[in-house]
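Novice: One structure, as structure tokens, below. Some questions next.
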Amino acid sequence: MAIVNLQNVTYRYPLTDSPALQDINLQVKEGEFVAIIGPNGAGKSTLCYTMAGFIPHFFKGELTGIVEVAGNETRNSSLSEWVLNVGLAFQNPFNQISGAKYTVFEELAFGLENIGVPREEMKARVQDGMTLTGISDLGDRSPYSLSGGQQQRVALTSILVMQPKVLVLDEPTSQMDPIGTREVFGVIRTMAERGMTVLLAEHKVEWIARFADRIIALKDGQIILDGAPSDVLTSPVLKESGFGISRYTSVARAAQQMGVWKKEKLPVTLDEAVEGFSQ
Amino acid sequence: MHERLSYYVKRDSALHRLNPLTKIILALSIILVSFFSPWYWTAPILLLLVVVPLSFLGRVSKEYFITALRLILPAAGFIFIMQALFQPVGETIIFKFWFLDVTQESLSFAFRIAMRITVMISAFTLFLMTTHPSELMSDLTRRGLPGQFAYVIISSLQILPQMQARAQTIIAAQRSRGLDTESSFLRRAGSLIPLVGPLVFGSLVEVEERAIAIEARGFTSTHVKTSLHEIPDTDVDRIIRWMLILLVILSLALRIWLS
């Protein structure tokens with residue numbers, strides 16, 4: 001039974017002619033880590049907003065088809081109930097700071113206060129969340145005094161502590177250095193292993209290749225590829241459509257043309273590349 | 001710079017530990033008594049015997065005196081001079097200034113008004129110095145203030161410095177592309193116009209994203225909200241509040257009875 005179920009979903013923003021999403025069909029299993037890739041303007045953010053309930057509850061426009069999470073349909077549910085099941089963190093960390101709190105600890109508790117979590121449990125959840133994302137030492141700082149990468153961790157943690165069933169992330173590592181990115185991908189992987197379903201829109205294909213269970217490639221509002229990272233990221237379709245691909249794949253493809261790469265399948269991660277070249 | 005966002009001075013004192021509502025009522029009753037009391041010397045005496053000792057009790061006396069010198073004294077002084085010059089009361093002329101008569105009566109009236117203003121600003125300054133904004137808002141929300149209202153107040157306190165910082169960034173960016181910000185006044189006023197667009201439209205875009213972000217954290221949830229910090233509200237608080245309210249009623253009654 002899929003926890004996320006999208007059937008024939010088409011969406012058009014107000015005052016636009018062409019749909020931002022076209023006939024999307026997507027089923028995601030509980031605990032699955034799905035990455036969404038695609039060039040700018042392909043509809044990644046729109047898809048995230050749709051799954052998180054902001055379309056149709058926040059953005060108007062025309063939505064057809066079925067959007068279901070855990071058996072409930074978005075249109076029959078209010079946004080404030082929906083966010084209990086689906087958490088959303090997005091790109092710009094600065095705008096995700098509530099502005100109502102003076103320390104990071106309070107900021108992380110903001111969502112829990114709103115949904116009425118008792119005080120002791122709230123403190124425990126915030127502590128755990130900070131440990132998980134490696135920001136325990138920032139608890140007393142003002143959220144505005146942090147760097148972009150730190151703010152992004154705070155934004156991610158503020159959603160994690162709400163313990164949604166489905167986590168929707170729209171480029172949550174855009175302002176992070178490579179170490180920060182690796183750590184955050186590690187955290188997302190851990191959440192998926194604990195049973196949280198993760199949908200992640202992201203450009204960093206090398207990280208996706210290592211951590212995601214499945215990749216969906218979006219182009220012009222349509223799903224053009226859907227499958228395991230090793231299949232999607234090595235597909236010739238991807239290259240023709242102007243997607244970023246893993247440098248390991250690029251190198252191996254060049255090597256294949258020169259006859260150096262002997263395996264039939266192209267690599268997407270460093271380990272696969274090393275293994276292939278050492279044959 | 002970003003760490004200091006309000007008048008709040010972080011200390012541990014009896015005044016800090018009082019419930020925020022008690023402190024609002026304390027500030028308001030000091031102000032109301034100084035206005036209602038029929039007795040001429042009420043305001044100066046309140047200042048010396050209540051406000052100043054409270055600043056010591058709250059362990060913010062140093063900060064209070066600095067604010068008094070920099071903000072309260074100039075404001076009260078200005079009001080004193082204006083009232084003394086322009087109050088057309090009294091016969092006993094002390095001196096003439098141009099066409100204006102300064103009389104003994106206008107001086108005494110001006111002093112009374114200036115002292116009331118001093119007491120008013122002082123009481124609120126002490127309140128702000130000893131009350132954390134978020135504590136105040138969670139306490140008031142708990143007592144039934146709409147969450148949206150509390151959010152608007154507290155986020156504007158925080159967002160103003162952010163907008164200032166952004167304005168600085170935009171100015172720097174435009175200067176690096178040759179915008180003149182250092183010549184004559186008119187020129188500089190004119191060069192502010194290209195700043196307005198990015199600042200205002202940027203802020204509007206930001207509002208939409210921020211709305212999404214707080215919505216994603218259940219801001220409009222219909223659950224009963226809880227609060228991270230336990231805000232003390234003791235019997236002592238309740239007794240103080242009732243006594244203060246009685247005091248205000250008493251001073252109002254005295255005023256009506258004596259006039």
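Novice: Working only within the stretch B:173-211, note down all residues that are of a type in the set (D, E, K, R) and over 27 Å from residue A:89 (Cβ atoms).
Specialist: Going through the stretch B:173-211, the residues of a type in the set (D, E, K, R) turn out to be B:175, B:177, B:180, B:182, B:187-188, B:206, B:208-210.
Result: B:175, B:177, B:180, B:182, B:187, B:188.
Novice: Here is a follow-up. Anything in the stretch B:189-228 that is over 22 Å from residue A:96 (Cβ atoms) and not hydroxyl-bearing (Ser, Thr, Tyr)? List them, or say none. If you could, list the steps in order and put the result at the bottom.
Specialist: First, the residues of the stretch B:189-228 that are over 22 Å from residue A:96 (Cβ atoms): B:189-197, B:222, B:224.
If the condition is that a residue be over 22 Å from residue A:96 (Cβ atoms) and not hydroxyl-bearing (Ser, Thr, Tyr), then B:189, B:190, B:192, B:193, B:194, B:195, B:196, B:197, B:224 are the ones that fit.
Novice: Would you be able to say whether some residue in the stretch A:88-95 is within 7 Å of chain B (Cβ to nearest Cβ) and touching a strand residue (DSSP E or B) at 6+ places or on another chain (Cβ under 7 Å)?
Specialist: As a first pass, look at the stretch A:88-95 and keep what is within 7 Å of chain B (Cβ to nearest Cβ): A:88, A:92, A:95.
Going one step further and asking which of them are touching a strand residue (DSSP E or B) at 6+ places or on another chain (Cβ under 7 Å), we end up with A:88.
Yes, there is a match, as at least one residue in the stretch A:88-95 is within 7 Å of chain B (Cβ to nearest Cβ) and touching a strand residue (DSSP E or B) at 6+ places or on another chain (Cβ under 7 Å).
Novice: Looking at B:109, B:78, B:95, can you tell me which residue is at pLDDT 85 or above and out of contact with any helix residue (DSSP H, G or I) (no Cβ under 8 Å at 6 or more places or on another chain)?
Specialist: Details: B:109 fails: out of contact with any helix residue (DSSP H, G or I) (no Cβ under 8 Å at 6 or more places or on another chain); B:95 fails: at pLDDT 85 or above.
Going through B:109, B:78, B:95 in turn, just one is at pLDDT 85 or above and out of contact with any helix residue (DSSP H, G or I) (no Cβ under 8 Å at 6 or more places or on another chain): B:78.
Novice: Kindly provide the set of residues from the stretch B:72-98 that are of a type in the set (A, V, I, L, M) and under 21 Å from residue B:32 (Cα atoms), ordered by number. Before the answer, list the steps.
Specialist: Applying the first criterion (of a type in the set (A, V, I, L, M)) to the stretch B:72-98 yields B:72-73, B:75-76, B:79, B:81-82, B:84-85, B:89, B:93-94.
If the condition is that a residue be of a type in the set (A, V, I, L, M) and under 21 Å from residue B:32 (Cα atoms), then B:72, B:73, B:75, B:76, B:79 are the ones that fit.
Novice: Can you find, within the stretch A:133-148, the residue that is nearest to the other protein chains (Cβ to nearest Cβ) among those that are crowded, with 19+ Cβ neighbours inside 10 Å and in a helix (DSSP H, G or I)?
Specialist: A:144
Novice: Test residue A:270 against the stated conditions and say whether it is closer than 12 Å to residue A:38 by Cβ and either of a type in the set (A, V, I, L, M) or more than 19 Å from the chain's Cα centre (by Cα) (or both). So that I can check it myself, show each step before the final result.
Specialist: Details: closer than 12 Å to residue A:38 by Cβ: no; either of a type in the set (A, V, I, L, M) or more than 19 Å from the chain's Cα centre (by Cα) (or both): yes.
For residue A:270, the condition - closer than 12 Å to residue A:38 by Cβ and either of a type in the set (A, V, I, L, M) or more than 19 Å from the chain's Cα centre (by Cα) (or both) - is not met.
Novice: In the stretch B:195-205, how many are surrounded by 13 or more Cβ atoms within 10 Å (Cβ to Cβ) and farther than 18 Å from residue B:156 by Cβ?
Specialist: Looking only at that region, the number is 2.
Novice: Can you run down the residue pairs with Cβ atoms below 6 Å, 6 or more apart or on separate chains, where the first is in the stretch A:66-85 and away from chain B (no Cβ under 13 Å) and the partner is exposed (fewer than 15 other Cβ atoms within 10 Å of the Cβ) and outside any loop (DSSP other than H, G, I, E, B)?
Specialist: From the stretch A:66-85, the pairs are A:66/A:7.
Novice: Being in contact with a Ser or Thr (Cβ under 9 Å, 6 or more places away or on another chain) and either free of Cβ contacts under 8 Å to residues at least 40 places away in the same chain or in a helix (DSSP H, G or I) (or both) narrows it down to one residue among A:192, A:217, A:254, A:273; which is it? Quick ask: steps written out before the conclusion?
Specialist: Details: A:192 fails: in contact with a Ser or Thr (Cβ under 9 Å, 6 or more places away or on another chain); A:217 fails: either free of Cβ contacts under 8 Å to residues at least 40 places away in the same chain or in a helix (DSSP H, G or I) (or both); A:254 fails: in contact with a Ser or Thr (Cβ under 9 Å, 6 or more places away or on another chain).
Going through A:192, A:217, A:254, A:273 in turn, just one is in contact with a Ser or Thr (Cβ under 9 Å, 6 or more places away or on another chain) and either free of Cβ contacts under 8 Å to residues at least 40 places away in the same chain or in a helix (DSSP H, G or I) (or both): A:273.
Novice: Please enumerate the residues belonging to the stretch A:150-171 that are more than 25 Å from residue A:42 (Cα to Cα) and more than 11 Å from every other protein chain (Cβ to nearest Cβ).
Specialist: Across the stretch A:150-171, the qualifying residues are A:150, A:151, A:153, A:154, A:157, A:160, A:163, A:165.
Novice: Got a sec? Which of B:17, B:70, B:112, B:11 is basic (Lys, Arg), surrounded by fewer than 20 Cβ atoms within 10 Å (Cβ to Cβ) and in contact with a Lys or Arg (Cβ under 7 Å, 6 or more places away or on another chain)? Outline the logic, then answer.
Specialist: Values: B:17 fails: in contact with a Lys or Arg (Cβ under 7 Å, 6 or more places away or on another chain); B:70 fails: in contact with a Lys or Arg (Cβ under 7 Å, 6 or more places away or on another chain); B:112 fails: in contact with a Lys or Arg (Cβ under 7 Å, 6 or more places away or on another chain).
Answer to the selection: B:11.
Novice: Something else: Could you tell me which numbered condition residue A:237 fails, if it satisfies all but one of (1) part of a helix (DSSP H, G or I); (2) free of Cβ contacts under 8 Å to residues at least 40 places away in the same chain; (3) over 30 Å from residue A:17 (Cβ atoms)?
Specialist: (3)
Novice: Still on this model: Can you work out which of the residues in the stretch B:155-182 that are surrounded by 10 or more Cβ atoms within 10 Å (Cβ to Cβ) and of a type in the set (Gly, Ala, Ser) is farthest from the chain's Cα centre (by Cα)?
Specialist: Of the stretch B:155-182, the ones surrounded by 10 or more Cβ atoms within 10 Å (Cβ to Cβ) are B:155-175, B:179-181.
Applying the additional criterion that residues be of a type in the set (Gly, Ala, Ser) yields B:155-156, B:165, B:167, B:172-173.
Working: B:155: 16, B:156: 14, B:165: 23, B:167: 25, B:172: 32, B:173: 34 Å.
By that ranking, first place goes to B:173.
Novice: Right, next: Need the failing condition index for residue B:166 against (1) in contact (Cβ under 8 Å) with a residue 40 or more places away in the chain; (2) within 30 Å of residue A:126 (Cβ to Cβ), just the number.
Specialist: Unmet condition: (1).
Novice: I'm told residue A:113 meets every condition in (1) surrounded by fewer than 23 Cβ atoms within 10 Å (Cβ to Cβ); (2) more than 24 Å from residue B:205 (Cα to Cα) except one. Can you identify the failing condition by its number?
Specialist: (1)
Novice: OK, next. Determine which single condition residue A:161 fails, assuming it passes every other condition in (1) surrounded by fewer than 16 Cβ atoms within 10 Å (Cβ to Cβ); (2) within 26 Å of residue B:152 (Cβ to Cβ); (3) touching a Leu at 6+ places or on another chain (Cβ under 8 Å).
Specialist: (1)
Novice: Considering only the stretch A:220-233, state which residues are part of a loop (DSSP other than H, G, I, E, B) and more than 22 Å from residue A:273 (Cα to Cα). Steps first, answer last, please.
Specialist: Step one: of the stretch A:220-233, the residues part of a loop (DSSP other than H, G, I, E, B) are A:220-221, A:228, A:233.
Across the stretch A:220-233, the qualifying residues are A:220, A:221.
Novice: Considering only helices (runs of 4 or more DSSP H) fully contained in the stretch B:141-236, which possess at least 2 residues that are within 12 Å of chain A (Cβ to nearest Cβ) and at pLDDT 85 or above?
Specialist: Filter on the stretch B:141-236 gives B:147-176, B:193-216.
Novice: Which of the residues spanning the stretch A:56-65 are within 11 Å of chain B (Cβ to nearest Cβ) and either surrounded by 24 or more Cβ atoms within 10 Å (Cβ to Cβ) or not aromatic (Phe, Trp, Tyr) (or both)?
Specialist: Step one: list which residues in the stretch A:56-65 are within 11 Å of chain B (Cβ to nearest Cβ), which gives A:57-59.
Listed by number, the list holds a single entry, A:57.
Novice: Test of understanding: among B:33, B:50, which residue is farther than 30 Å from residue A:143 by Cβ, free of Cβ contacts under 8 Å to residues at least 40 places away in the same chain and more than 14 Å from every other protein chain (Cβ to nearest Cβ)?
Specialist: Values: B:33 fails: free of Cβ contacts under 8 Å to residues at least 40 places away in the same chain.
That would be B:50, the only listed residue that is farther than 30 Å from residue A:143 by Cβ, free of Cβ contacts under 8 Å to residues at least 40 places away in the same chain and more than 14 Å from every other protein chain (Cβ to nearest Cβ).
Novice: Please go through the stretch A:170-189 and pick out each residue that is under 12 Å from the mean Cα position of the chain (by Cα) and not in a helix (DSSP H, G or I).
Specialist: Matches in the stretch A:170-189: A:170, A:171, A:172, A:173, A:174.
Novice: Residue A:124 fails exactly one of the following numbered conditions: (1) part of a helix (DSSP H, G or I); (2) within 19 Å of residue B:148 (Cβ to Cβ). What is the number of that condition?
Specialist: Answer for residue A:124: the failing condition is (2).
The values are calculated or read from the model by the stated rules, or taken from the named source; none is laboratory data. Here the structure is a predicted model, which means the values were calculated and not measured. Note that each Cβ is placed from the backbone with ideal geometry, even for glycine, and that neighbours are counted across all protein chains shown.
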